[in-house]
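So the structure is just underneath, and the comments pick up after that.
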């Protein structure tokens, strides 16, 4: 069970998990509405979503929590990235709020990162959930560039790149992205049996 209703994430997970031999069903196909994300960390929210989906479906569940951390904004929007402009706000409103908050920030002070934590539980009460973590360093652009991706992709340029994430081909994005890193880390931790 993939514990998300975000169409962009579903597409990315399909592209990332397929080559690893995983098959998943999105929680919306079971009529499962997402829980309230009230954790203070990406780890807490990822685990909350995974346990919730597992409890309602009876299946092992995988959930991620991810977001954008901007140094000039003290780490905001952080765990509130999807709700930065308010509950129910869409990508455009979140982008506009971010660009407004960053309009007077010098180019040298626009460092940011995408961060992702993925949690895997075998059942709702799994005492040893497995986590994967990833971070993707870059900077906030002054205006959106590109039409690909979702969320903050049009205003985030990875370190060493002049292109925004929204302009990267999907295979190139997955090779570098916070979500791709977190998934590879999760698989390594699962196969290696390392401390969770």
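The values are calculated or read from the model by the stated rules, or taken from the named source; none is laboratory data. Computed from a predicted model, the values in this text were never measured in an experiment. Counting neighbours? That spans all protein chains shown, and the Cβs are built from the backbone with ideal geometry, glycine included.
Picking from 47, 62, which residue would you name as being touching a residue at least 12 places away in the same chain (Cβ under 8 Å), closer than 28 Å to residue 165 by Cα and out of contact with any helix residue (DSSP H, G or I) (no Cβ under 8 Å at 6 or more places or on another chain)?
The conditions single out 47.
Filter the range 14-31 for residues that are at pLDDT below 85 and either on the phi > 0 side of the Ramachandran plot or touching a strand residue (DSSP E or B) at 6+ places or on another chain (Cβ under 6 Å) (or both); which is surrounded by the most Cβ atoms within 10 Å (Cβ to Cβ)?
For the range 14-31, the residue satisfying everything is 24.
From (1) modelled with pLDDT under 95; (2) within 24 Å of residue 52 (Cβ to Cβ); (3) touching a helix residue (DSSP H, G or I) at 6+ places or on another chain (Cβ under 7 Å), pick out the condition that doesn't hold for residue 133.
(1)
Restricting to the range 50-91, count the residues that are closer than 28 Å to residue 139 by Cβ, in contact with a strand residue (DSSP E or B) (Cβ under 7 Å, 6 or more places away or on another chain) and part of a loop (DSSP other than H, G, I, E, B).
3
Which one of these is under 16 Å from residue 9 (Cα atoms), touching a residue at least 12 places away in the same chain (Cβ under 8 Å) and surrounded by 14 or more Cβ atoms within 10 Å (Cβ to Cβ): 118, 130?
Numbers: 130 fails: under 16 Å from residue 9 (Cα atoms).
So the residue among 118, 130 that is under 16 Å from residue 9 (Cα atoms), touching a residue at least 12 places away in the same chain (Cβ under 8 Å) and surrounded by 14 or more Cβ atoms within 10 Å (Cβ to Cβ) is 118.
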